[in-house]
Amino acid sequence: MAKYRMHLLVCDGTTCHASQSESVKNALQDCLELNNLENEVKVVSTGCFGYCEKGPIVKVLPDNTLYVKVKPGDAEEIVKEHILNGQIVKRLLPTESVAQVYASEGKTPFFDKKQIRIALRNCGFIDPENIEEYIAHDGYQALCKCLTEYTPQQVIDIIKRSGLRGRGGGGFPTGLKWEITAKVKSDQKYVICNADEGDPGAFMDRSIMEGDPHSVIEAMAINGYCTGANKGLVYIRAEYPLAVKRLKVAIDQARAYGLLGKNIFNSGFDFDIELRYGAGAFVCGEETALIHSMEGKRGEPTFKPPFPSEHGYLGKPSNVNNVETYANVPVIINKGADWFASIGTEKSKGSKVFALAGKINNVGLIEVPMGTTLRDVIFKIGGGIKGGKEFKAVQTGGPSGGCLTSHHLDTPIDYDNLIAAGSMMGSGGMIVMDEDDCMVSIAKFYLGFTVDESCGKCSPCRIGNKRLYEILDKITKGEGTMEDLTKLRNLSEVIKDTSLCGLGQTSPNPVLSTLDNFWEEYVEHVVDKKCRAGSCKGLMKYIIDAEACTGCTACARACPVNAISGERKGPHFINQEICIKCGTCMEKCKFNAVLLQ
Amino acid sequence: MVHVKTIEDLKKIKEEFGKRIQVSGKNFDPEKVVQIKVGLGTSGIASGAKEVMNFLRDELEKRNIEALVTQTGDMGYSYAEPTIEVKLPGQPAVVFGKVNIKKADEIIERYIKNGELIDGILPTNYMTI
Amino acid sequence: MELVKLTIDKKTLEVERGTSILNAARKVGIEIPTLCYLNLDGLNIENKPGGCRICVVEVEGRRNLAPACATEVTQGMVVKTNSTRVLNARRTVMELILSDHPFDCLVCPKSGNCELQSLAHRLGIRDIPYQGEQSTYRKDTSPSIIRDVDKCILCRRCEMMCNEIQTVGALSAINRGFMAVIAPAFEMNLEKSPCTYCGQCVAVCPTGALTEVDHTRQVITALADPTKTVIVQTAPAVRAALGEEFGLEPGTLVTGKMVSALRELGFDYVFDTDFGADLTIMEEGTELLDRLTKYLGGDRNVRLPILTSCCPAWVNFFEHNFPELKDVPSTARSPQQMFGAIAKTYFANQLGIDRKNLVVVSIMPCLAKKYECQRTEFSTDGNPDVDFSLSTRELANFIKLANIDFGALPESDFDRPLGESTGAAVIFGTTGGVIEAAVRTAYELYTKKPLAKVDFEELRGLEGIRAANVDFDGLELRIGIAHGLGNARKLLEEVRDGKSQYHAIEIMACPGGCIGGGGQPLHHGDASILKARQKAIYMEDQNKTIRKSHENPYIIQLYKEFLGHPLSEKAHHLLHTHYFDKSTQIVIE
């Protein structure tokens, strides 16, 4: 078998669809064959380089040269100049600034570093079930440092100075939260890890627990030291069996190594952790509901204040942070508050993990510095929209976030900017929509989720969201009126204004943000009875193109409600009064005569 | 097993860990052995990573290749699961996506044995700390 | 005490730190509407889940509206209770609640007495713009209580009562979102649940979701039957509350008018449950002395303390929760049942009629009495000792139904012989009353000396658990009192663990005792009503010439002519009972 002296890496045509990398790849292959180089040099397709605007990208190994915006016509030059003559094709190198970055990083094979992995630093690198590998990656050094070198207040000050804010959605300053819990006097306190990741589409907490459970354990112990708690509880959903298993293994190992238990690092500090299982209710991610669930009560929120920091689990002061927040802590201790605070924006420090989903090429987990723009996330890291379609909206913040449009693409992502734009950070779900998505249906979809997940305690959330859903349903069926749109807005605003907990206070966001950003689509549904995305079946009708119809009767025979009539070998006709819009006729027609309008 | 009590204990574990890799009683020199990490997060497992891992372990042994196959968490490339990272001695690690049994076989035969890159490499596009 | 200065609707005021916006506003005459909120001041009963969101107000600097009931005032707070934003939100929330509520006000048992209806009226709701699906559930009828939870608005008052105050745990929120509702676990029927029928859920329900089973029709049918002699007994707490239903001030005693009304309704004899109460004291007091003497004599087979047994919800409670203690309470039947047993034997004999042709109706402040009179052990050959039990509310409706002008009625006296009673019997209607009545009699029977002072102030009050020592001529009788089943549970646990310090304990299931019973006119959260009723009860006692049960001449006559002596075999047969272990009866179908 041939042993190649060179590799040409070309980003995959299926992801970089719009940039024709497939043709580039073929052209390179052809050129190589033309020059009898096919046994010396191999063309390999790769995943996304994360710099799609500059695609297609060709990378030459082993010399690590990177060519951008390569066209099929450039193939010959690359082969002749670079491979045969050993001369770099300068005009295809990245722009000056990018080239500088590239040069400064020297050895690293790829130049674009939009992502920085802090919370995810060990995910996908270490064996999560091997504590020694975690220790080999500087694990438990932060705990050691805290226990042996710092007072609790000093640690709290470090966290405060770092600017870390809660990654579960609220964005409350973490250090301040710790300080409040630390200051409350009590015989017993608790450290609680909120691992009830409820946003559909978000799975960063799961991935951290599966990939780096010790980072959470270490951070919880640090928090226990700061707040004066010797008991940690992880509230984890039972639907995360692997995360549960790995956490259990990690806790056992930490105990075995003396990193949990009595007198940790000879400091006199005792700390241990237990797991509590959630049954998967979305609202149990709300901290008071979470605590009630742990206490064996109905998982529903109670009015704050008192906050859990003062009156938490079993009435004792409890510090509640989520998984991702904790995962940042050991790094902050090890690398310092200033280092962490140097990343991100003025009010949102550090990085944030996002789960990219929807109509985006690179579905997955990413972690970017706060302040990265939506555009960078979606187009540079996410690889752009699937199938080269038009970007329409991105929904951030989980089911109760808002839908942002192309106007927001250059907004730097941080807590405050997202709220100002009518959405929120949430736990970091990011769902991308394209031109095929009907925004009314999207709003209805999210409302369907909150209707299901509302605990039912307060009237606006329990009944209001249901009514919102019903009105949206009516609109998608073509039965909406302009008055309904007024109702939608009033109801949404009242639900936000009057609901008891964060769920109801944010659940109308998808409605309000789509009303704001896609008003004309609502009006089209109501006035023109038209769904531009073609997804609202109630607004579509099937018709038969008389010219294309051959009168084969296949559609008429298949129609479950006998809505189709017509003579054999003559054009057929669909009675719209009877048609239930099931689409069977369209499926059965061999002549593409059935059209959806 | 050590009962960790000081920073020195941690450092010792860290140093030792880099020097030796032990799998089922055998000592490996990390500089001479092929190291493979399989992304065994829920997304990976759901798309068949466990089967791939078993295949790699069995086949590498059968084909007499000194290799260490370990599990790791989610690498983040959900669109390309299962993902594996292969590090040949003295070379930078390469991540392959959408690895099924067929692909795993190809990776052994062409990349591990011959150093020949194959389709489906996932470029690392992030900095880590 | 730290004072906080704030402004509400441009009025500046100073209140104690910890005060809610709702209570602060009340101090300056601003009544913010509420729905789920309930506060029985002085009884430690408060419900403020912050769930209905009717009381929302605007607080300057706050992002969203704040529930006035649950938000504490802060220094310099500026509150608006009637801004356009607040009024719109409040109206919209109310419209939403109504959009998920059946529109059958005209035939609802709560119509005219419904807090939701009053609020809709107050807020001027004229249409429901947000129409949609309504949540519907199975209707559940138990011997005492009907659950029609389509009408439930999730105020959680019943849940609070059932769990926090009564610790019964029959009702709690189940399901979630739009289908969330208050129900027994697994949506089983109330009858299969550990429900005691105390009726406190009914007493606090703002809507028609929880109501009593109405037996008025059966009573009307019996009254119309010429072959039946229909007699009625009225419990002590009824006379202290019935007037409220006719617009009289809470605490107005309407004993005489009530008797007249019952006569007008066609009852053949109007008797008094108080007669049964005096009889209870004879039996229970004697039993107490019997047990006490044996115990003091060193008999360790005798268990102390003795617990009163006249409250049927309490009996249900210990049968469900403390079956291992079922030999601890007194075996004496409740006054209602003692009355029934005597009426259908002694009195039926006097009239010379078959017990089947004698219909005994009781008027009770209680819903558990409906269940109690249906217990099989209280019937002979399938004929119950008490045929029907009506609540105070049902009687009021019955009087209205019969076009009787209650206010204009003359006062009249109960019939003899079963209408004669003492002041000791009257105070059965309030917490502490039964034990005081028992002490009055037991003291004299034990010491053989007349009481110097009939009033035992140390046993009175509204504290949930009270304790007092009574000097029985050298013997310190240690007495405990609990009202509310949660308080009862605490004393019961002490008894179970062998840590109880008492000789005798009085327990009433309802907070306040029978004056706060589940069948009384609705207090709508106004605790002053309960206090006024209690005052009236003690006033009635004061006004009685005979104030000790053993001095009731008709009781003396009853023993002479019929029963022999307290704890006689006949008394045992007719006036005592036994208890059942119901702890395993929770069946999930």
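The values are calculated or read from the model by the stated rules, or taken from the named source; none is laboratory data. Just so you know, these numbers come straight off a predicted model, no measurement behind them. So basically every Cβ, Gly included, is an ideal-geometry build from the backbone, and we count neighbours across all protein chains shown.
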Residues satisfying the stated conditions in the stretch C:30-41, i.e. under 27 Å from C:ARG91 (Cα atoms) and part of a loop (DSSP other than H, G, I, E, B): C:ILE30, C:GLU31, C:ILE32, C:PRO33, C:THR34, C:LEU35, C:CYS36, C:TYR37
Residue within the stretch C:82-98 that is assigned to a helix (DSSP H, G or I), touching a Phe, Trp or Tyr at 6+ places or on another chain (Cβ under 7 Å), within 14 Å of another protein chain (Cβ to nearest Cβ) and under 19 Å from A:LEU500 (Cβ atoms) present: yes
Count of residues meeting criterion [farther than 18 Å from C:ALA396 by Cβ and not aliphatic (A, V, I, L, M)] in the stretch C:172-218: 21
Residue count, the stretch C:80-116 (criterion: of a type in the set (S, T, N, Q) and farther than 26 Å from A:LEU468 by Cβ): 4
Considering residues of the stretch A:327-362 that are part of a strand (DSSP E or B) and among the β-branched types (Val, Ile, Thr) only, the residue surrounded by the fewest Cβ atoms within 10 Å (Cβ to Cβ): A:ILE360
Cβ pairs under 8 Å, 6+ apart, first in the stretch C:395-409 and under 15 Å from C:ALA241 (Cβ atoms), second part of a loop (DSSP other than H, G, I, E, B): C:LEU395/C:VAL238; C:ALA396/C:PRO521; C:PHE406/C:VAL254
Residue match in the stretch A:158-180 (condition: in a loop (DSSP other than H, G, I, E, B) and among the polar types (S, T, N, Q)): no
Those residues of the stretch A:136-152 which are part of a loop (DSSP other than H, G, I, E, B) and among the hydroxyl-bearing types (Ser, Thr, Tyr), in sequence order: A:TYR140, A:TYR150, A:THR151
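To keep it simple, each residue is scored yes or no on (1) without any contact (Cβ under 8 Å) to a residue 24 or more places away in the chain; (2) buried (at least 22 other Cβ atoms within 10 Å of the Cβ); (3) touching a Phe, Trp or Tyr at 6+ places or on another chain (Cβ under 8 Å).
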position: C:LEU477; (1), (2), (3): no, no, no
position: C:GLY480; (1), (2), (3): no, yes, yes
position: C:TYR502; (1), (2), (3): no, no, no
position: C:MET508; (1), (2), (3): no, yes, yes
position: C:GLY516; (1), (2), (3): no, yes, no
position: C:LYS544; (1), (2), (3): no, no, no
position: C:GLU551; (1), (2), (3): no, no, no
position: C:GLU561; (1), (2), (3): no, no, yes
Residues located in the stretch C:399-416, provided they are surrounded by 20 or more Cβ atoms within 10 Å (Cβ to Cβ) and out of contact with any strand residue (DSSP E or B) (no Cβ under 7 Å at 6 or more places or on another chain): C:ILE399, C:PHE406
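Filter the stretch C:54-64 down to residues that are within 29 Å of the chain's Cα centre (by Cα) and of a type in the set (Lys, Arg), then give me how many there are. Break it down stepwise before answering.
So the first thing to find is which residues in the stretch C:54-64 are within 29 Å of the chain's Cα centre (by Cα), and the list is C:54-55.
The next check asks that each one be of a type in the set (Lys, Arg); those that pass are none.
Residues flagged as within 29 Å of the chain's Cα centre (by Cα) and of a type in the set (Lys, Arg) within the stretch C:54-64 amount to 0.
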Enumeration of residues in the stretch C:121-150 that are among the charged types (D, E, K, R) and farther than 22 Å from C:GLY517 by Cβ: C:ARG122, C:ARG126, C:ASP127, C:GLU133, C:ARG138, C:LYS139, C:ASP150
Conditions (1) in contact with a strand residue (DSSP E or B) (Cβ under 9 Å, 6 or more places away or on another chain); (2) away from chain C (no Cβ under 14 Å); (3) at pLDDT 95 or above; number of the one not met by A:LEU515: (1)
Selection from the stretch C:218-263 of residues that are over 13 Å from C:ASP413 (Cα atoms) and in a helix (DSSP H, G or I): C:GLN218, C:VAL219, C:ILE220, C:THR221, C:ALA222, C:LEU223, C:ALA224, C:LEU242, C:GLY243, C:GLU244, C:GLU245, C:PHE246
In the stretch C:191-209, the residues that are in contact with a Lys or Arg (Cβ under 6 Å, 6 or more places away or on another chain) and of a type in the set (A, V, I, L, M, F, W, C): C:VAL204, C:ALA209
Selected residue (criterion: farthest from C:LEU6 (Cα to Cα)) from residues of the stretch C:42-64 that are within 11 Å of chain A (Cβ to nearest Cβ) and assigned to a strand (DSSP E or B): C:VAL56
Condition met for C:LEU462 (under 26 Å from the mean Cα position of the chain (by Cα), in a loop (DSSP other than H, G, I, E, B) and surrounded by fewer than 24 Cβ atoms within 10 Å (Cβ to Cβ)): yes
Condition met for A:LEU409 (under 21 Å from A:SER427 (Cα atoms), surrounded by fewer than 24 Cβ atoms within 10 Å (Cβ to Cβ) and not charged (D, E, K, R)): yes
Matching residues in the stretch C:25-41 - criterion: being over 28 Å from the mean Cα position of the chain (by Cα) and buried (at least 24 other Cβ atoms within 10 Å of the Cβ): C:ALA25, C:ILE32
Hits in the stretch A:130-149 (condition: closer than 26 Å to B:GLY39 by Cα, more than 7 Å from chain B (Cβ to nearest Cβ) and surrounded by fewer than 24 Cβ atoms within 10 Å (Cβ to Cβ)): A:ASN130, A:HIS137, A:ASP138
Hey, C:THR221 modelled with pLDDT of 95 or more, surrounded by fewer than 24 Cβ atoms within 10 Å (Cβ to Cβ), among the hydroxyl-bearing types (Ser, Thr, Tyr) and within 22 Å of C:LYS400 (Cβ to Cβ) or not: yes
Given (1) in a helix (DSSP H, G or I); (2) over 18 Å from C:LEU288 (Cβ atoms), number of the condition C:THR441 does not satisfy: (2)
Of residues in the stretch C:129-177 being surrounded by fewer than 19 Cβ atoms within 10 Å (Cβ to Cβ) and among the charged types (D, E, K, R), the one farthest from the other protein chains (Cβ to nearest Cβ): C:LYS139
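Select the helices (runs of 4 or more DSSP H) contained entirely in the stretch A:191-267, then report the ones holding at least 1 residues which are of a type in the set (Gly, Ala, Ser) and facing chain B (nearest Cβ under 9 Å).
In the stretch A:191-267, the matching helices (runs of 4 or more DSSP H) lie at A:204-211, A:241-256.
When the residues of the stretch A:377-391 are narrowed to those that are buried (at least 22 other Cβ atoms within 10 Å of the Cβ) and under 17 Å from A:CYS11 (Cβ atoms), which ends up nearest to the other protein chains (Cβ to nearest Cβ)? Explain how you work it out, then say what you get.
Of the stretch A:377-391, the ones buried (at least 22 other Cβ atoms within 10 Å of the Cβ) are A:377-378, A:380-385.
From what is left, the residues that are under 17 Å from A:CYS11 (Cβ atoms) are A:378, A:380-385.
Values: A:ILE378: 14, A:LYS380: 9, A:ILE381: 7, A:GLY382: 10, A:GLY383: 8, A:GLY384: 12, A:ILE385: 13 Å.
Within the stretch A:377-391, the match that is nearest to the other protein chains (Cβ to nearest Cβ) is A:ILE381.
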Residues that are facing chain A (nearest Cβ under 8 Å), surrounded by 24 or more Cβ atoms within 10 Å (Cβ to Cβ) and either under 29 Å from the mean Cα position of the chain (by Cα) or part of a strand (DSSP E or B) (or both), drawn from the stretch C:65-77: C:PRO67
Criterion (of a type outside the set (Asp, Glu), in the same structural domain as C:ASP541 (by TED's automatic domain parsing), over 20 Å from C:VAL360 (Cα atoms) and assigned to a loop (DSSP other than H, G, I, E, B)) met by exactly one of C:VAL470, C:VAL454: C:VAL454
